[in-house]
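K.L.:
Here it is, the structure, as structure tokens.
The values are calculated or read from the model by the stated rules, or taken from the named source; none is laboratory data. No experiment lies behind these values; they were computed from the predicted model shown. When we count neighbours, we look across all protein chains shown, and the Cβ atoms used for this are built from the backbone with ideal geometry, even at glycine.
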Amino acid sequence: MNAAVERYYDTTLDLYEDLWGQHVHHGFWDAGERPGNDEDRHAATDRLVRELVAFAGLPAGARVLDVGCGIGGPAMYLAGPLGCTVEGVTLSAAQAARANEKAAELGLAERTRFRQCDFMANDYPDASFDVVWAVESLMHIADRAAFFAEVRRVLKPGGIVAIATWSVRDGELTAQESRVVDQILRHQVMPSFSSLEEHERLAAAAGFTDIAIVDWSANVANSWEPGFAQVKELDNGRSMMRDLARDRGVDVLGFFYAGPLMLKGFETGAVTYGAVRATKPAAGD
């Protein structure tokens with residue numbers, strides 16, 4: 001799975017950056033608000049970062065581990081306006097290199113470092129960070145119980161975990177809903193989805209306290225609206241897709257399938273999206 005995730009993001013880095021800008025994640029709108037143009041998309045993806053910061057109560061100046069940092073979009077906000085020191089890890093060497101380039105361009109290299117590293121096999125000492133931040137990366141980790149255990153290990157007592165994640169409705173799905181979810185998982189190189197409620201249960205089982213979840217499905221679903229989320233149309237589109245598949249491998253085609261599948265998942269209610277926050281108990285608690 002790790003090798004497949006690495007290959008997928010290495011081969012789609014330029015496609016995502018061209019479409020989504022510096023943030024490789026959903027945008028956040030007020031319920032009922034309609035997206036318009038690229039400026040709206042960029043404002044909405046910026047806003048999702050701010051919403052997660054507010055929901056989780058991230059302190060300014062914190063030492064942050066960004067799990068699945070992508071090309072560093074959220075980290076630039078954490079290191080810039082919030083004044084945090086950020087370590088970013090990603091399975092993709094291409095993403096890490098691009099994130100370091102962007103940090104240098106923005107004058108944030110002294111407060112950020114990005115590297116290729118599997119968070120589940122990291123070399124950080126115990127109690128190294130004030131915050132563990134994971135935006136749309138947990139879906140790629142199969143053993144989520146082990147993820148929460150590792151987060152607790154690297155957090156300082158009183159530290160916070162802040163997660164934004166694709167998820168699935170709690171409870172049993174219909175056969176048709178399951179087929180849509182299975183297609184999304186296959187094309188987006190993910191082992192499974194957990195419900196927001198399951199994330200809450202896993203955090204509690206790992207010993208976290210002050211756990212809260214929030215469903216943002218209605219706020220982010222516009223990220224997949226036709227005409228807004230679709231890849232910019234090129235001449236001979238099918239020919240272009242064949243050329244990409246030949247040059248980069250068939251995994252790259254998952255990039256093009258994501259929009260219609262995610263939109264259908266949100267419309268049926270099978271696919272959800274939300275945030276999770278939790279605190280590692282302070283020493284002696």
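K.L.:
Inspect all residues belonging to the stretch 108-131 and state whether any of them is under 23 Å from R277 (Cβ atoms), aliphatic (A, V, I, L, M) and in contact (Cβ under 8 Å) with a residue 60 or more places away in the chain.
P.N.:
yes
K.L.:
Give me a count of the residues in the stretch 131-155 that are among the charged types (D, E, K, R) and surrounded by 19 or more Cβ atoms within 10 Å (Cβ to Cβ). Please lay out each step first, then the result.
P.N.:
Looking only at the stretch 131-155, we keep the residues that are among the charged types (D, E, K, R), and these are 136, 143-144, 150, 152-153.
Narrowing the set further to residues that are surrounded by 19 or more Cβ atoms within 10 Å (Cβ to Cβ) leaves 136, 144, 150, 152.
The total comes to 4.
K.L.:
Here is a further query. Select from the stretch 92-116 the residues that are of a type in the set (A, V, I, L, M, F, W, C), crowded, with 20+ Cβ neighbours inside 10 Å and not in a helix (DSSP H, G or I) and list them in ascending order.
P.N.:
Residues of the stretch 92-116 that are of a type in the set (A, V, I, L, M, F, W, C), as a first pass: 93-94, 96-97, 99, 103-104, 106, 108-109, 114.
From the residues that got through so far, the ones that are crowded, with 20+ Cβ neighbours inside 10 Å too are 96, 99, 103, 114.
If the condition is that a residue be of a type in the set (A, V, I, L, M, F, W, C), crowded, with 20+ Cβ neighbours inside 10 Å and not in a helix (DSSP H, G or I), then F114 is the only one that fits.
K.L.:
Which of the residues that make up the stretch 46-79 are in contact with a Leu (Cβ under 6 Å, 6 or more places away or on another chain) and among the small types (G, A, S)?
P.N.:
Matches in the stretch 46-79: A60, A79.
K.L.:
Suppose we filter the stretch 66-91 for residues that are under 13 Å from A162 (Cβ atoms), crowded, with 24+ Cβ neighbours inside 10 Å and out of contact with any Phe, Trp or Tyr (no Cβ under 6 Å at 6 or more places or on another chain); how many remain?
P.N.:
Filtering the stretch 66-91 for residues under 13 Å from A162 (Cβ atoms) gives 66-68, 74-75, 77-78, 82, 84, 86.
Remaining after also requiring crowded, with 24+ Cβ neighbours inside 10 Å: 66-68, 74-75, 78, 84, 86.
Then drop every residue that is not out of contact with any Phe, Trp or Tyr (no Cβ under 6 Å at 6 or more places or on another chain), which leaves 68, 74-75, 78, 84, 86.
Summing the residues that are under 13 Å from A162 (Cβ atoms), crowded, with 24+ Cβ neighbours inside 10 Å and out of contact with any Phe, Trp or Tyr (no Cβ under 6 Å at 6 or more places or on another chain) in the stretch 66-91 gives 6.
K.L.:
Do we have A204 as at pLDDT 95 or above, of a type in the set (G, A, S), touching a strand residue (DSSP E or B) at 6+ places or on another chain (Cβ under 9 Å) and closer than 27 Å to G27 by Cβ here? Steps first, please.
P.N.:
Details: at pLDDT 95 or above: yes; of a type in the set (G, A, S): yes; touching a strand residue (DSSP E or B) at 6+ places or on another chain (Cβ under 9 Å): yes; closer than 27 Å to G27 by Cβ: no.
So A204 fails the test.
K.L.:
Here's a follow-up. Keeping to the stretch 185-214, report how many residues are under 15 Å from the mean Cα position of the chain (by Cα) and among the acidic types (D, E).
P.N.:
Count: 0.
K.L.:
Scanning the stretch 207-226 for residues that are part of a helix (DSSP H, G or I) and in contact with a strand residue (DSSP E or B) (Cβ under 6 Å, 6 or more places away or on another chain), which turns out nearest to S167 (Cα to Cα)? Please lay out each step first, then the result.
P.N.:
Of the stretch 207-226, the ones part of a helix (DSSP H, G or I) are 217-224.
Of the ones still in play, those that are also in contact with a strand residue (DSSP E or B) (Cβ under 6 Å, 6 or more places away or on another chain) are 217, 220.
Details: S217: 9, V220: 12 Å.
Among those that are part of a helix (DSSP H, G or I) and in contact with a strand residue (DSSP E or B) (Cβ under 6 Å, 6 or more places away or on another chain), it is S217.
K.L.:
Taking the stretch 187-203 on its own, how many of its residues are in contact (Cβ under 8 Å) with a residue 24 or more places away in the chain and either surrounded by fewer than 18 Cβ atoms within 10 Å (Cβ to Cβ) or not aliphatic (A, V, I, L, M) (or both)?
P.N.:
Looking only at the stretch 187-203, we keep the residues that are in contact (Cβ under 8 Å) with a residue 24 or more places away in the chain, and these are 187-200, 202-203.
Checking the rest, the ones that are also either surrounded by fewer than 18 Cβ atoms within 10 Å (Cβ to Cβ) or not aliphatic (A, V, I, L, M) (or both) come to 187-188, 191-195, 197-200.
Counting residues in the stretch 187-203 that are in contact (Cβ under 8 Å) with a residue 24 or more places away in the chain and either surrounded by fewer than 18 Cβ atoms within 10 Å (Cβ to Cβ) or not aliphatic (A, V, I, L, M) (or both) gives 11.
K.L.:
Quickly run through the stretch 55-65 and pick out the residues that are touching a helix residue (DSSP H, G or I) at 6+ places or on another chain (Cβ under 8 Å) and either surrounded by 21 or more Cβ atoms within 10 Å (Cβ to Cβ) or part of a helix (DSSP H, G or I) (or both).
P.N.:
V64, L65
K.L.:
Follow-up. Please indicate, with yes or no, whether at least one residue in the stretch 81-99 is under 30 Å from A31 (Cα atoms), of a type in the set (S, T, N, Q) and modelled with pLDDT under 95.
P.N.:
Going through the stretch 81-99, the residues under 30 Å from A31 (Cα atoms) turn out to be 81-82.
If we keep only those that are of a type in the set (S, T, N, Q) as well, we get none.
Within the stretch 81-99, not a single residue is under 30 Å from A31 (Cα atoms), of a type in the set (S, T, N, Q) and modelled with pLDDT under 95.
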